[in-house]
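For reference, the structure discussed in these notes is given below.
Bear in mind these aren't lab numbers, they're just calculated from the coordinates by the rules spelled out. Quick caveat, the model's predicted, so the values are computed rather than measured. As a convention, Cβ positions derive from the backbone with ideal geometry for all residues, glycine included, and neighbour counts pool all protein chains shown.
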Amino acid sequence: MASRAHAQHRTDDTHPIVGHLVPMSTLVWTTLALLVLTILTVAVRYIDVGEFNIVIAIGIAVLKATLVALFFMHLWWDRPFNQIVFVACISFVVLLIALTVIDTKQNAPTLYTGNPARVQEVLDAKAPEAPITKQTGLSSPG
Amino acid sequence: MTAIDSKPEETPGLDESHGSDTPFQAHHFDTPIQQYESVKLGMWLFLGTEILFFGALFALYTILRANDPELFSYASQYLNTILGGINTAVLILSSLSMAAAVHFAQRGRKTLMLISLWLTLFGAAGFLGIKYFEYEHKIHVNLNWGPSFYYPVDAAEAAAVGEDGQVSTVQDENARAAADESALLSAERSTSLPDVPEPRLAPMPPTDAVSMAQSAIGPGGLSAVKPEEKIKAERAAAGEVTYSDKPHLEDQDLPVNTHRFFAIYYAMTGLHGIHVVVGMVMIGWLILRGTKGHFDNRYYAPVDLGGLYWHVVDLVWIFLFPLFYLIH
Amino acid sequence: MDNYLTWTKGVASWVFTLDHKRIGVMYLLGVLVSFLVGGIFALIIRTELIAPGQTIIEPETYNIMFTLHGAVMVFLVIIPSIPGSLGNFVLPIMLGAKDVAFPRLNLFSFHLWIIGAVFTVLALLFGGFDTGWTFYTPYSTKTELGGVVPVIFGVFILGFSSIFTGLNFIVTVHKMRPKGMTWFRMPLFLWALYATALIQILATPVLAITLMLVGLERVFQIGIFDPAMGGDPVLFQHFFWFYSHPAVYIMILPAMGIISELISVHSHRHIFGYTFIAYSSVAIAVFSFLVWGHHMFTSGQSALMNTIFSAITFSVAVPSAIKVFNWLATLYKGSIALNTAMLYALGFIFLFTIGGLTGIYLGTLNVDVHLHDTYFVVAHFHYVMMGSALIAFIGGLHHWWPKMFGRMFDETLGRIAFVLVFVGFNVTFFTQFMLGSHGMPRRYYDYQPEFASYHLISTIGSYVMAAGFFLTAAYLLHSLFFGRKAPANPWGGRSLEWQCTSPPPHDNFKVTPSVGDCYDFRAVHWSEEEQGYVVIRDEESANLPPAH
Ligand SMILES: [Cu+2]
């Protein structure tokens, strides 16, 4: 995966002086794979596999993202440091997500079950008849 | 925003050419390769900040959803899977054309590169067009962020916003006139309105775009005046068939805090939309420079970097689509 | 002789310059002006607190004052101070490069800094803001002062200025190093700036998005952070500290880099444990992302996360202590020259040790419950942010002042000013440790009579410190016009910036300099003729064994 800055032969238009040329066929195949995966992920939405729906959806999204990064963004052939930058940034996002989710899951997610105070105010004023208006707030945790 | 996002593409110093290998080599770089690798690393670092920029919102999304999964599976029905799917395909195809533009730029094929860039630009415009329809409909039926999510879609209510002294525009006057008509139809509600204590909406800023849009719509929403058939026809025309027909406020099953789903929905898709707009400006700039013949197989870094940016826009959408539109 | 200061003339040649040295000088000017403004706010606060009850300002004004003091000092002074001014000026020269990788991006990020500063000033015209520099929700979404949205926008822009500076530095260090300048020949200041840049890139976007959401919450009530709309204010704190704890290291890491340079050069001693110091910078950068929750022990954060964050917080002490011990080991048997810059460096070690150790107290769960939101916290972070970061900045400024402007300042006045600042600082803030441990809460306008004597002493200390800073400003300004011409190498440094003239020429180096061990001082000798140090490469010193 090491990068190569091609030697300086300018006569051949198929070789850029710098960077890496990805053949059109690779790009088209990548696109087809992405479209198929999109259809697949939409199809899976209508099948009930419980907890695994979200896992499959995210899995397919990660696969698609990997394809885009590796082939459209040339990361497969790019400098190792550029690859590290990309992966490191994603891991820091994962870190932020993981630690905050662990914390909020540890807390009681909601201290009240009804509408929040301001929402209740708006509902009382604007839509006193709506079913949701009866979900008045601050009942004890469920 | 524009300037901020598009800056790294322009970094190779244009005005400092010293007759080096290519006309666009800045004097403080020794070789074109050094310059190319520098701008590329700079772009990747910038994309890293973009990832963390969106990453914070993804974190927010995960927290909201982890703590309230039912809310998300309920609210997702208001999003149009078909439109979202079409938009996904549009973005993937525009990513292909962008990658192709880079490919042709690397080979010095000017015309093919320009065609690819134009295709990418059309794809971006198409994406935004579809997005506009989606937003427009949601605002129409008050699937908003903030308190207006809980306003009934009703002309009388639209006028009430004006009565609170929040919106006083020409549209508001029109809406008020329309409200008088509909007040005859729903006498009960209109009599209950004056009982509302006035500080209810006081914290809403006077230039609240949402309520302005709403009063501008007037009786055109899902008001009691409007025949059901007409609504259905309108929705079918917009291709919206996969989701709930019922105004959300009348839904017995509407969970509390559903407005938060729409807050994160608008925040994420909105920020993504801003990036699409920035991307379009950038592609336009590439087309301009490409037409002038600035790029060849020796110097094509701006196309390359623009491509990277555009692919990140695609990457973000690849996650947004299943996370919002495909919740089982 | 032509140098970067005289190379071209006119205001436009400065405002639109692409020269990293001029951009650095403009940052320096901006930072120092902001420091003056933030310092005046601080003096107003301390004067108000000199006695219980109202002294000079209304309570509401007081709230605006401490908020502005915090926001200006954090976002406009400390964060851009070292990377923006000294970093910009020194980094390419130390590296042996002609410029940073992206000069126009560099200029752009300075312009962003100006715009961000303007919005912060605009916030005052819109009625100010009294949220504290932390913008905690739900107060920040509720307060009736109209300056919140402008200042949030300003900080958002300042964030991008910071990001672009960091991005530029990383690319410069990676791609612009000349032949011979390997990673482990880089001066430690560059390692520190590199580690800082990593944090700037990884953390700042999260702050930007968080502040954007606060703005949206305020304007549209979207229900993300505001509990009245179903939002979670603790979530704001998570996001805010995900940036703002690492931001503490954006402030302190470059300071540590400066200290490594100062200690080594002014004691003419090879830096001890180069690789340890270099790696500890990167280690601190990474650790800094794992401890943000120590700001939230009393915010309703879960017990599990409290424990985890507390434990990891202790571990940050390890790389920090590695640096301190290495500095001390460097001093051992060195020929220490007590120049003004060196005094600041020694002051740093003293103050940073106190600041760091009290940080361990606050990172301890049960102690923090008692000390949270008291003056103990105020004293702790002033020891770190001011006593360490700013003191190092002032020290670095003295170290590179002859290089930047080609003039020597008055060393005697410099030493007097240092004593005033150092004593004043400790009187001001050590007192606040005592105030805090006795229970005086922070950000309060009024207090119980039993705190009165502490507050009085603290205020007097702040006046002494202010006198020291005004004296510093006076002799530095004086030196610009009447100072002795500076030699190329007044302190005997070995890194590349001392090889070019003072002030440096426009292109930094006429010939690419030869790169050696920048901490090997054996060939550096005083020259009466130059009134500065010169590197003499005789047979003898060439054959010496490597220093470490
Ligand atoms: Cu911290």
Between C:I114 and B:I33, the two model label points (7 Å from Cα along the beta-carbon direction) sit apart by a distance in nm of 3.9
For C:Q448, project a label point 7 Å along Cα to C-beta. Then give me every residue of the stretch C:50-77 with its amide nitrogen under 18 Å of that point.
C:51-53
Sort C:Y249, B:Y132, C:Y139 so the one with the fewest other Cβ atoms within 10 Å of its own Cβ comes first.
B:Y132, C:Y139, C:Y249
Along the charge dipole of chain C, Cβ charges K/R +1 and D/E -1, which of C:I222, C:A197, C:F35 sits furthest on the positive end?
C:A197
Which part of the stretch C:146-179 falls in the paramagnetic zone of C:L125, meaning amide N under 20 Å from the point 7 Å along Cα-to-beta-carbon?
C:146-158
With DSSP loop assignment and no more than 12 other C-beta atoms within 10 Å, the trypsin sites (Lys or Arg not before Pro) in the stretch C:503-538 are C:K510, C:R537
Under the 7 Å Cα-to-Cβ spin-label approximation, A:I47 and C:I40 lie apart by a distance in nanometres of 7.0
Using a 10 Å Cβ count of at most 13 others and DSSP loop calls, identify the longest part of chain C lacking such GluC sites (Glu not before Pro).
C:145-527
Size of charge dipole - chain C - debye, nearest 20, with Cβ of Lys, Arg +1 and Asp, Glu -1, no other charges:
1040
Which pairs, out of A:K105/C:K142; B:K40/B:K110; C:K21/C:K510; A:K64/A:K105; C:K179/C:K510; B:K292/C:K175, put more than 19 Å between their alpha-carbon atoms?
A:K105/C:K142; B:K40/B:K110; A:K64/A:K105; B:K292/C:K175
How shielded is C:204-210 by partner chains, expressed as the average number of their Cβ atoms within 10 Å of its Cβ atoms?
6
Can you tell me how the stretch C:20-540 classifies by the Cα gyration tensor, rounded, prolate or oblate, using a/c under 1.5 as the rounded cut?
prolate
Which residues does a label at C:L304 reach in the stretch A:88-102, if reach means a backbone N under 20 Å from a point 7 Å past the Cα toward the Cβ?
A:93-102
Full extension from C:I460 to C:E60: what is 0.36 nm times the residue separation minus their Cα-Cα distance, to one decimal in nm?
141.6 nm
Report the FRET efficiency, 1/(1 + (r/R0)^6), for B:L112 and A:A33, where r is their Cβ-Cβ distance and R0 is 22 Å, rounded to 0.05.
0.40
